[in-house]
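Following: one structure in structure tokens, then a few remarks.
Please treat every number below as a calculation from the coordinates, not as lab data. Everything quoted here is computed from the prediction, not taken from an experiment. Because the Cβ atoms are built from the backbone with ideal geometry, glycine has one as well, and the counts that use them run over all protein chains shown.
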Amino acid sequence: MEKVVRAKAVKVGDNIDTDVIIPGRYLIYTDPETLGKYCFEPIMPDFYKKSKELGGVIVVAGRNFGMGSSREQAVVALKGAGVKAVVAESFARIFYRNCINQGLPAVRVPGISEAVEEGDEVEVDLENGVVRVYDPQGNLKKEFKVPKLPPSLLEILESGGLVPYLKRKMVQTQ
């Protein structure tokens, strides 16, 4: 995982639950790419195609993103669809931690949903705690200072998630 990620923004609203991120009928699948094909199907049936065409996206959400059941497959689906990060006004607590554990940057940014329009690009600098919004021409529209992630969470993200992080730590201690 890169410490700075930048991609086109795809906006969703408030209270997006895990059933919207990946509907329950697709939980029979475990492959990230397959789950990704159904990501946001109830509200954006073309999300997977759009994300892949753009080379990945950053999801910009309102309040309470990831509410509902605490299924890890929601994060796996986002990653499988090419999501590079999620920035939201706020996150459901378990969903936020599932993002970190699966190696998907998730950053709480009050005011982000009003600052971003479709077509904008968002840049997330995890190490320095900065989120920038650029217009379609590449001009800086807004910069947000956010709390820096603790080194332990950065290390988990850099490892690609909790399991790869723990595997690496186990090898280092042997």
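Summary of values
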item	result
Among Ile100, Val131, Ile58 the positive-end extreme of the charge dipole of region 42-174 (Cβ point charges)	Ile100
Inter-probe distance in nm under a simple model that places probes 7 Å from Cα toward Cβ, at Asn128 and Glu143	0.7 nm
FRET efficiency, Ile43 to Glu114 (Cβ-Cβ, R0 25 Å, nearest 0.05)	0.80
Lys11 long-range amide H proximity, modeled H, under 5 Å	Val60
Expected 222 nm ellipticity per residue - DSSP helices of 4 or more, -39500 (n - 2.57), all of the chain, to 500	-8500 deg cm²/dmol
Cβ-placed point charges (K, R +1; D, E -1), dipole of region 4-173 about Cα centre in debye, nearest 20	480 debye
DSSP-defined antiparallel bridges as percent of all bridges, region 4-173, nearest 5	50 percent
Sequence-distant residues sharing a close amide H with Ile22 (under 5 Å, placed H)	Phe40
Per-residue HN-Hα couplings for region 128-145 [Karplus 6.51, -1.76, 1.60; θ = phi - 60°; Hz; x = Gly/Pro]	9, x, 10, 10, 10, 10, 10, 6, x, 8, x, 7, 5, 9, 7, 10, 10, 8
Gained length - Glu2 relative to Lys52, 0.36 nm times residue gap less alpha-carbon distance	16.2 nm
Lysines whose Cα lies under 17 Å from that of Lys50, excluding same-chain neighbours fewer than 8 positions away	Lys8, Lys11, Lys37, Lys79, Lys84
Span from the region 100-174 Cα centroid across to the region 32-82 one, whole angstrom	16 Å
